[in-house]
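Everything on this sheet refers to the single structure shown next.
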Amino acid sequence: MNSAKAKITEIQATPEEVAPASGFRVFNRIVDWITNERTQLIDATERINEVVRKSGIRNGIVHLQSLHTTTAVFINEWQDALLHDVRTFLEDLVQRGDYWRHNDPVYSDCERKNADSHLRGMLMGQTLCLQVRNSAVLLGSWQSIILAEFDGPRSRSMSVQVSGV
Amino acid sequence: MNSAKAKITEIQATPEEVAPASGFRVFNRIVDWITNERTQLIDATERINEVVRKSGIRNGIVHLQSLHTTTAVFINEWQDALLHDVRTFLEDLVQRGDYWRHNDPVYSDCERKNADSHLRGMLMGQTLCLQVRNSAVLLGSWQSIILAEFDGPRSRSMSVQVSGV
Amino acid sequence: MNSAKAKITEIQATPEEVAPASGFRVFNRIVDWITNERTQLIDATERINEVVRKSGIRNGIVHLQSLHTTTAVFINEWQDALLHDVRTFLEDLVQRGDYWRHNDPVYSDCERKNADSHLRGMLMGQTLCLQVRNSAVLLGSWQSIILAEFDGPRSRSMSVQVSGV
């Protein structure tokens, strides 16, 4: 679509940066949060950067995985007005009040009646993989790492794995 | 949003676990499925764990990629009632009966009329990256790896790559 | 769901392919685009393959990260009619004309009034991780890598990291 019109140019290419052929390592940490609302967005950027710094890995990948199906991890700008819109949008896209079998005792033994939380978590995803450059998480100027709680208040854990050299 | 109110504490941190600086390996496998309905959800967790065990890699990353645009791979709880809701939700979010150019012979030579399948696959994503810990896929208690067929019945392939030490 | 009926067979398994235990490397590049419409889809497949070839890495992972919250990177078939449907679907799912706090001067100092762009970018995701096999990006026959602009025209950058052996 419109590909013909797209002016695609490689404006700038960083000098080749090839890490030395040795020293591959894997560093694992669990990071925990206590949430205090049913739907809550948390800025996880600084916590993740802390883990990356501790890992001593300069160049590679950091993989984040929230260990709960009713949560998510994604990127967006951390601005109050926008975060309000994110919440509104997701609550509107998946309506808590709709009929869901997961909430119906005839079909399900789940007492939390949290089908909406599951569907929001599935849609947004529970994993996020980011680049590590110069011992920090690579993020654009307006990108923050957001942990989303969709069925709080709860105690939540994220597994953080840094790998590289 | 509510960040000020969020009580964020690092309750527990696993002891530093740094894998030895040698032995990085990459292990590749193709795993196949035959589906028998247009929309079908398949629990792929055990198959993926089998590949991870065979790889001999203890610590690292497993990357899953379904090789078809009308499929997806994601995480959710494997519960019948919820899986019914997942299917209902996705079929409602992208309506098969809506007008789509991809299904219109004036614009498209695709005879499968599967625009809805493409849009569902795109929304849910065809790749998933998970951590490998102690020679197994790291998953929370209620997390299963789900392969979604959106245009079956078909024969489907997933490329599984395990890398690490 | 229907898992009992699913005939799951491992039709074909590639011979074990284990890369040698040495030579792990990381290769980084920034790739830039100039977009010329508010919503625009760009086929990035060839550009990414070019980076992978230059990296000299045969077996591993390529990680793509668009550095802007109002963009996304995902996989779909590159067909004009379908790309039109993708655009229509996303513009319908997140309505530009709806009330959003991010666009309201009472709550936000953002002058771009681009809440819809943020929500589309968040939904589709700004990162994509793919396998590198035989010095090329692994993609199914109909899979293309698509960079989506949701708030153009702008100058956009994607960080591409190839790691492996």
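The values are calculated or read from the model by the stated rules, or taken from the named source; none is laboratory data. Being a predicted model, the structure only gives us computed values, none of them experimental. Neighbour counts run over all protein chains shown; Cβ positions are idealised from the backbone, glycine included.
Do we find a residue being over 19 Å from residue A:51 (Cα atoms) and either buried (at least 17 other Cβ atoms within 10 Å of the Cβ) or touching a residue at least 12 places away in the same chain (Cβ under 8 Å) (or both) anywhere in region A:125-135? Yes - at least one qualifying residue is present in region A:125-135. Taking region B:14-44 as the range and being touching a helix residue (DSSP H, G or I) at 6+ places or on another chain (Cβ under 9 Å) and either within 7 Å of chain A (Cβ to nearest Cβ) or modelled with pLDDT under 95 (or both) as the test, the residues that pass are B:16, B:18.
Residues in region A:40-60 that are in contact with a Gly (Cβ under 8 Å, 6 or more places away or on another chain) and either assigned to a loop (DSSP other than H, G, I, E, B) or of a type in the set (A, V, I, L, M) (or both): A:57, A:58, A:59. Checked against (1) of a type in the set (Val, Ile, Thr); (2) within 20 Å of residue C:143 (Cβ to Cβ); (3) without any contact (Cβ under 8 Å) to a residue 40 or more places away in the chain, residue C:48 passes all but condition (3). Contact map, region B:22-39: residues that are surrounded by 22 or more Cβ atoms within 10 Å (Cβ to Cβ) and of a type outside the set (A, V, I, L, M, F, W, C) paired with residues that are assigned to a loop (DSSP other than H, G, I, E, B) and at pLDDT 95 or above, Cβ distance under 6 Å, separation 6+ or inter-chain. Pairs shown: B:35/B:152; B:35/B:153; B:35/B:154. On the basis of being out of contact with any strand residue (DSSP E or B) (no Cβ under 8 Å at 6 or more places or on another chain) and within 8 Å of chain A (Cβ to nearest Cβ), does residue C:129 make the cut? Here the answer is no, as residue C:129 does not meet what is asked. Looking at A:140, A:164 in this structure, which one is within 12 Å of chain B (Cβ to nearest Cβ) and under 28 Å from residue A:29 (Cβ atoms)? Result of the check over A:140, A:164: A:164.
Output the residue which, of all residues in region A:136-146 that are more than 30 Å from residue A:103 (Cβ to Cβ) and among the aliphatic types (A, V, I, L, M), is surrounded by the fewest Cβ atoms within 10 Å (Cβ to Cβ). The qualifying residue surrounded by the fewest Cβ atoms within 10 Å (Cβ to Cβ) is A:136.
Flag: residue A:67 matches the condition of being under 20 Å from the mean Cα position of the chain (by Cα) and either within 7 Å of chain B (Cβ to nearest Cβ) or of a type in the set (Val, Ile, Thr) (or both). There is at least one residue in region B:41-54 that is basic (Lys, Arg) and under 18 Å from the mean Cα position of the chain (by Cα).
Rundown of residues vs (1) surrounded by fewer than 18 Cβ atoms within 10 Å (Cβ to Cβ); (2) of a type outside the set (A, V, I, L, M, F, W, C); (3) free of Cβ contacts under 8 Å to residues at least 40 places away in the same chain, yes/no style:
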{"site": "C:81", "(1), (2), (3)": "no, no, yes"}
{"site": "C:90", "(1), (2), (3)": "no, no, no"}
{"site": "C:104", "(1), (2), (3)": "yes, yes, yes"}
{"site": "C:109", "(1), (2), (3)": "yes, yes, yes"}
{"site": "C:120", "(1), (2), (3)": "no, yes, no"}
{"site": "C:148", "(1), (2), (3)": "no, no, no"}
{"site": "C:159", "(1), (2), (3)": "no, yes, no"}
